[in-house]
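A.B. asks: Take a look at this one; I'll ask things after.
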Amino acid sequence: MDNFFEKIVELFTTPEYIESLLHGFLLTLQISFFAIIIGLILGTVIALVDTAQKSRWMIIPKFICKVYTTIIRGTPMALQLFIMFFVIFAIRGFPQIITAILAFGFNSAAYVAEVIRSGIQSVDSGQTEAGLALGLSRFTIFRKIVAPQAIKNIIPALGNEIITVIKETAIASMVGLYDLNMAAKDIGSGQNMASYIVPMFVAALFYLAVVYLITFVIKRIEKKLRESDSRV
Amino acid sequence: MEDIIRIKDLKKQFGKNKVLKGIDFDLKTGERVVVLGPSGSGKSTFLRCINRMEEPTSGEIYFGNTLITDKNIQKMRQDIGMVFQHFNLISNLTVMENLTLAPVKLKLMNGETAEKKARGLLRHIDLLDKAESFPASLSGGQKQRIAIIRAMMMEPKVLLFDEPTSALDPESIGDVLDLIREVADGGMTIMIVTHEMSFAKEIATRVVFIDEGKIIEEGTPEEFFAHPKTPRVKEFLEKVL
């Protein structure tokens, strides 16, 4: 036990270790943040194409989106990461962080698209019919009726997806990125097995803190949306 | 009176299931047509094809002298009101917003005029105090009466009712029928699919009976209910009256 406390003290008093952890944490946050943004934007576009009215012009875009989500959701994230690093962006000097952001962002987009698509489709078709029968355009119906109702179904699941992305970025360490996960491993290495415990534990707390914060924010948003639901 | 709606050889199938097998029908201005028939006969589908809630498989529908197409249907719907079985009030909008959204968005009137008109109609059905409520807080009967005045806000030329009382408790059916009666007395051209036989008898200027996707008998309510011509209608009436 003494050894354990010593290790904790050592970790928090060695500036290199702290620096490593913070550096790793920052990289994890950067990759996560930009990957989530890409995922949300691209995912929304895919979902809109997917749920759009069937027409001649939409056949090919719809097909592309279907293929995209099928491939992304049907293959391991780690493999997608490898392909991005060692095939698609195997360009000397191309910033690794951007490759990682794109890999996680493109992956997340497929899941975000599914979340948004199912959110849109879960809105009762009678709501759309009411708008149509009144002579409103599809665009107005989407903006004023379907989207506001879909959001309520989408937010909780989207929160889950954001959390998943943050934790999944840990595999960036597999291709040598110095993220939080890698930092923990790095600090612990070169000594003995026990030396891993503390840095890993601290890294876990970092992940937990971020996930907890996001869960909290999502819950608040959900509550706000519910309040507007029961206004009388 | 001139024809407001003319339907020629209307067919509709869902997959392999042929629901409408060729319907010819004319509706004149001022008529109140009640569509009767057993469940699954296609009567709701027939009504829903008129404003293209369902896309007809084949056939022609004219509104006035204009053939309804995918291109012009949106404009036509301003003149063809519809009241649904499940009310379909927009759940994220207040009662007032439900009433004013379409007329204002479609620039039929400005916001102020629309609100004034909505207030008048709400007062008339005794629900003015619900103007700022959300549909979730209303009873079925209240929702349906609001759905009816929502359709009336558009000042349509014809109003389609798709089983307007089928999803209501017995107590509120009366209120809704009273309001439909009032709309009818105001001279509105009406088509209504219903299972309320006594109401049908009272309100209809013409009864149309659909079975297995075809109109098999039509006539005035007096003829239809007292002297049905076909055995199928006789059998139907014996069961329901």
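Values quoted throughout were computed directly from the atomic coordinates according to the rules given, and no laboratory measurement underlies them. Since the structure is predicted, the reported quantities are computational estimates derived from the model, not experimental observations. Note that each Cβ is placed from the backbone with ideal geometry, even for glycine, and that neighbours are counted across all protein chains shown.
A.B. asks: Please compute, for peptide A:135-146, the average count of beta-carbon atoms on other protein chains lying within 10 Å of each residue's beta-carbon.
C.D. replies: If you average over the peptide's residues, the count of other-chain Cβ atoms is 4.
A.B. asks: Once the piece of chain linking A:Val217 and A:Lys185 is laid out straight, how much longer is it, given 0.36 nm per residue of separation minus the C-alpha distance between them?
C.D. replies: 8.5 nm
A.B. asks: Also, I was wondering about something else. Distances longer than 20 Å among the Cα atoms of the range A:84-171: what percent of all pairs is that?
C.D. replies: That fraction is 53 percent.
A.B. asks: Another one. Just list whichever of A:Lys66/B:Lys143; B:Lys12/B:Lys143; B:Lys105/B:Lys130 have alpha carbons separated by over 32 Å in the model shown. Don't jump to the answer; show the numbers that get you there.
C.D. replies: On the way: A:Lys66/B:Lys143 39 Å; B:Lys12/B:Lys143 30 Å; B:Lys105/B:Lys130 22 Å.
As for pairs spanning more than 32 Å Cα to Cα, those are A:Lys66/B:Lys143.
A.B. asks: Just to be sure I understand the curve: with the Debye formula and one point per C-alpha of the range A:129-198, what is log10 I(q)/I(0) at q = 0.12, 0.20 Å⁻¹?
C.D. replies: -0.57, -0.87
A.B. asks: Here's something else I'd like to know. Rounded to the nearest 0.05, what FRET efficiency do A:Thr75 and A:Glu10 have when you use their Cβ-Cβ distance and R0 = 45 Å?
C.D. replies: The pair A:Thr75/A:Glu10 has a calculated efficiency of 0.65.
A.B. asks: How many nm is it between the label spots at B:Lys75 and B:Glu182, if each spot is 7 Å from the Cα in line with the beta carbon?
C.D. replies: The modelled label-to-label distance comes out at 3.4 nm.
A.B. asks: Further question: Would you order A:Phe4, B:Phe161 from fewest to most other beta-carbon atoms within 10 Å of each residue's own beta-carbon?
C.D. replies: Values: A:Phe4 12, B:Phe161 26.
With the fewest neighbours first, A:Phe4, B:Phe161 line up as A:Phe4, B:Phe161.
A.B. asks: Let me ask something else about it. Tell me, what is the Rg over Rh of chain B, with Rh the Kirkwood radius over Cα pairs? Don't skip to the answer; put the middle values down first.
C.D. replies: Working: Rg = 17.9 Å, Rh = 18.5 Å.
Over the Cα atoms of chain B, Rg/Rh equals 0.97.
A.B. asks: Here is a follow-up. Let me make sure I get this right: for the range B:165-207, a, b and c are the square roots of the gyration tensor eigenvalues over alpha carbons, sorted descending. Under 1.5 in a/c it's rounded, otherwise prolate if a/b > b/c, else oblate. Which is it?
C.D. replies: Because a/c hits 1.5 or more and a/b fails to exceed b/c, the range B:165-207 counts as oblate.
A.B. asks: Which percent of Cα pairs goes in each bin when the distances of the range B:1-125 are cut into 10 angstrom slices starting at zero?
C.D. replies: 11, 34, 32, 19, 3
A.B. asks: Next up: Which values of log₁₀ I(q)/I(0), to two decimal places, follow from the Debye formula for the range A:2-227 at q = 0.09, 0.16 Å⁻¹ with a uniform point scatterer at every Cα?
C.D. replies: Here log10 of I(q) over I(0) equals -0.49, -1.11.
A.B. asks: Hey, how much of the P(r) for the range B:126-235 falls beyond 25 Å, as a percent of Cα pairs?
C.D. replies: I get 30 percent for the Cα pairs in the range B:126-235 exceeding 25 Å.
A.B. asks: Further question on the same structure: Would you calculate, for chain B, the mean residue ellipticity at 222 nm contributed by helices, counting each DSSP H stretch of 4 or more residues as -39,500 (n - 2.57) and dividing by all residues, to the nearest 500?
C.D. replies: The per-residue figure over chain B is -11000 deg cm²/dmol.
A.B. asks: Tell me, what HN-Hα J-couplings in whole Hz come from the Karplus equation 6.51 cos²θ - 1.76 cosθ + 1.60 at θ = phi - 60° for each residue of the range A:136-145, using x for Gly and Pro?
C.D. replies: Each residue's phi maps through the Karplus curve to give 6, 7, 4, 5, 4, 4, 5, 5, 8, 10 Hz.
A.B. asks: Which cross-chain or sequence-distant (5 or more) residues have an amide H under 5 Å from the amide H of B:Val83, H modelled 1.01 Å from N in plane?
C.D. replies: Here B:Leu160, B:Phe161, B:Asp162 satisfy the definition.
A.B. asks: Of B:Lys117, B:Lys18, how do they rank once you tally other Cβ atoms within 10 Å and put the fewest first?
C.D. replies: By the 10 Å Cβ count, ascending, the order reads B:Lys18, B:Lys117.
A.B. asks: Same structure, new question: Taking each pair of different alpha-carbon atoms in the range A:168-224 once, compute 1/r for the pair, average those values, and report the inverse of that mean as the Kirkwood hydrodynamic radius in Å to one decimal.
C.D. replies: Values: mean 1/r = 0.0785 Å⁻¹.
In the range A:168-224 this quantity evaluates to 12.7 Å.
A.B. asks: How many angstrom lie between the C-alpha centres of the range B:169-241 and the range A:118-151?
C.D. replies: For the range B:169-241 versus the range A:118-151, the Cα centre distance is 32 Å.
A.B. asks: If you don't mind, another one. With springs only between Cα atoms under 10 Å apart, run a GNM on chain B and tell me which of B:Asn17, B:Asn88, B:Asn72 wobbles the most.
C.D. replies: B:Asn17
A.B. asks: Per-residue mean of other chain beta-carbon atoms within 10 angstrom of the beta-carbon, peptide A:121-130?
C.D. replies: Mean shielding count: 5.
A.B. asks: Antiparallel versus total DSSP beta bridges in chain B: what percent is that, nearest 5?
C.D. replies: Of the beta bridges lying entirely in chain B, close to 55 percent run antiparallel.
A.B. asks: Using the count of nearby Cβ atoms within 10 Å as a rough guide to exposure, how do A:Lys7, A:Lys219 rank from fewest to most?
C.D. replies: Starting with the residue having the fewest Cβ neighbours, the order is A:Lys219, A:Lys7.
A.B. asks: So how do B:47-55, B:76-84 stack up, highest first, on mean other-Cβ count within 10 Å?
C.D. replies: The packing order, highest mean first, is B:76-84, B:47-55.
A.B. asks: Name the helices (complete DSSP H segments) of chain A with a Cα length along the long axis of 15 Å or more and a Kyte-Doolittle mean of at least -1.0, or state none.
C.D. replies: Working: long enough: A:2-13 (16 Å, 0.19); A:15-51 (52 Å, 1.55); A:59-74 (22 Å, 0.94); A:96-121 (38 Å, 1.02); A:147-168 (30 Å, 0.49); A:197-229 (47 Å, 1.00).
What comes out of the filter, once short or polar helices are dropped, is A:2-13, A:15-51, A:59-74, A:96-121, A:147-168, A:197-229.
A.B. asks: What number, in nm² with one decimal, is the all-direction average of the projected area of the convex hull of the alpha-carbon atoms of the protein assembly as shown?
C.D. replies: Mean shadow area of the hull around the Cα atoms is 31.1 nm².
A.B. asks: Tell me the label-point distance for the pair B:Asp169, B:Glu55, using the 7 Å Cα-to-Cβ offset, in nm and rounded to one decimal.
C.D. replies: Between B:Asp169 and B:Glu55, the simple spin-label model gives 4.1 nm.
A.B. asks: A further question follows. Nearest 5 is fine: what % of DSSP beta bridges in the protein assembly as shown come out antiparallel, could you say?
C.D. replies: That works out to approximately 55 percent antiparallel.
A.B. asks: Using the alpha carbons of the range A:1-110, what is the convex hull volume per residue in cubic angstrom, as a whole number? Let's see the in-between values first.
C.D. replies: Values: hull volume 16.3 nm³, N = 110.
Per residue, the Cα convex hull of the range A:1-110 comes to 148 Å³.
A.B. asks: Using modelled amide H (1.01 Å from N, peptide plane; none on Pro or chain starts), what sits under 5 Å from the amide H of B:Glu217, excluding residues fewer than 5 places away?
C.D. replies: Amide H neighbours of B:Glu217: B:Phe209.
A.B. asks: Then there's this: Starting from the amide H of B:Val19, placed 1.01 Å from N in the peptide plane, find each other amide H under 5 Å away whose residue is 5 or more places distant or on another chain.
C.D. replies: Placed amide hydrogens put B:Lys12, B:Gln13, B:Phe14 under 5 Å from B:Val19.
A.B. asks: I've got another one for you. Of the listed pairs B:Lys8/B:Lys107; B:Lys107/B:Lys157; A:Lys152/B:Lys11; A:Lys62/B:Lys214, which have alpha-carbon separations greater than 29 Å here?
C.D. replies: Correct reply: B:Lys8/B:Lys107; A:Lys152/B:Lys11; A:Lys62/B:Lys214.
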